[in-house]
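The values are calculated or read from the model by the stated rules, or taken from the named source; none is laboratory data. This one's a predicted model, so the numbers in the text were calculated from it and none came from an experiment. Using ideal geometry, Cβ is built from the backbone for each residue, glycine included, and neighbour counts are taken over all protein chains shown. Heads up: the accessible areas ignore ligands, DNA and RNA and are worked out on the full protein's heavy atoms, side chains in. Shrake-Rupley method; radii C 1.70, N 1.55, O 1.52, S 1.80 Å.
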Amino acid sequence: MNDAAPLNRYQLAELGSLLAEPARAAMLLVLMDGSARPAGELAQAAGVGAATASAHLKRLLDGGLLGVHAQGRHRYYRLADDDVAAWLETMALPRAARPLRIAATDPALCRARTCYRHLAGELGVALCAAWLESGWLQSRGDGLRLQPLAVDALRQAGWPLPVTERLLRLRGRACLDWTERRLHVGGPLGVALTDAMLDADWLRRSRDSRALLPSMAGLHQLTELGVCLK
């Protein structure tokens, strides 16, 4: 995927055809957590055999939706980039007109989850909105940028100096959240913020889904930083 030029109708039709096969869609959804997985795991997730999985993975690679990392004899597949993850997340927006049904089936996923590798869901949206309102986060022509006041507050909350200094250099992007229909912080800044919250044990990964589970200490710290869940 590349945003340097707009899609023409043939490219859009090709992208649609890539998602029209449930097995390929299942593989892409499994990789939405930012992981890289071997073909066998993706075949199992899609419920298909090895030969069929190989054909599907080739189509996704050729279509630009996947990347592959070779390590010895092993090949690990991942989403091509953050743009692909954001596009896939946005594809779910037409179904988000029924938020109560989604919340009822998986409330943890709606509360906080990974969108590729950054924080999404109610918590991600609340963080983005609160920090934009306070001026800790600013939207510029080159994307979202964290401001020094925010970095100072995160340092006082216990984040290491190298982590907070790096945050000032990173650019984020505004991603439209598919359950909340509001913005959360994506891009390199969103990934770094989420990684830091995981390292600080403010968030914990679910074993069963893309859900991120806020710890009690994490919720307390985020509340101190102006981020409150309703």
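With charges only on Cβ, +1 for K and R and -1 for D and E, what is the dipole size of region 117-230 about its Cα centre, in debye, rounded to 20?
320
Kindly rank 31-39, 81-89 from highest to lowest mean number of other beta carbons found within 10 Å of each residue.
Descending mean neighbour count gives 81-89, 31-39.
Taking the Cβ of residue 27 as the center, what net charge do the other residues with Cβ under 15 Å away carry, scoring Lys and Arg +1 and Asp and Glu -1? Please report the intermediate quantities before stating the final value.
Numbers: positive: 24, 37, 58, 59, 75, 78, 210; negative: 21, 33, 41, 62.
Around residue 27, the charge tally is +3.
5 Å is the cut-off here: which amide hydrogens, built 1.01 Å from N in the peptide plane, fall below it relative to residue 80, excluding neighbours closer than 5 in sequence?
66, 67
How high is the relative contact order of the chain, in percent, with contacts defined as C-alpha pairs under 8 Å that are six or more residues apart? Don't skip to the end; give the middle numbers.
Working: 340 pairs, mean separation 40.4, N = 230.
RCO, the chain: 18 percent.
Can you work out ³J(HN,Hα) from phi for every residue in region 18-25, in order, using Karplus 6.51 cos²θ - 1.76 cosθ + 1.60 and θ = phi - 60°, giving whole Hz and x for Gly and Pro?
For region 18-25, the Karplus-derived couplings read 5, 8, 6, 9, x, 5, 5, 4 Hz, x marking Gly and Pro.
The list (1) 81, 41, 23; (2) 53, 43, 37; (3) 87, 44, 28 gives values of Cα extents along the principal axes in Å, and only one came from this structure; which label was calculated from it?
(2)
On the protein heavy atoms, probe 1.4 angstrom, tell me the percent of accessible surface of the chain carried by carbon and sulfur. Don't jump to the answer; show the numbers that get you there.
Values: 6610 of 12310 Å².
Solvent-exposed carbon and sulfur of the chain make up 54 percent of the total.
Can you give the accessible area of residue 170 in Å² (nearest 10), computed on protein heavy atoms with a 1.4 Å probe?
Only protein atoms counted, so the area is about 30 Å².
Mind checking the dipole of the chain: about its Cα centre, +1 per Lys or Arg Cβ, -1 per Asp or Glu Cβ, Debye to the nearest 20? Don't jump to the answer; show the numbers that get you there.
Numbers: 28 positive and 23 negative charges, 72 e Å.
For this selection, approximately 340 debye.
Show me 44-56, 171-183 ranked by packing, highest mean number of other Cβ atoms within 10 Å first. Write out the running numbers ahead of the final one.
Working: 44-56: 15.3, 171-183: 19.7.
Most protected by this proxy first, the peptides run 171-183, 44-56.
Please list, ordered by chain and number, the residues whose modelled amide H lies under 5 Å from the amide H of residue 213; skip anything fewer than 5 residues away on the same chain.
Under 5 Å from the amide H of residue 213: 204, 205, 206.
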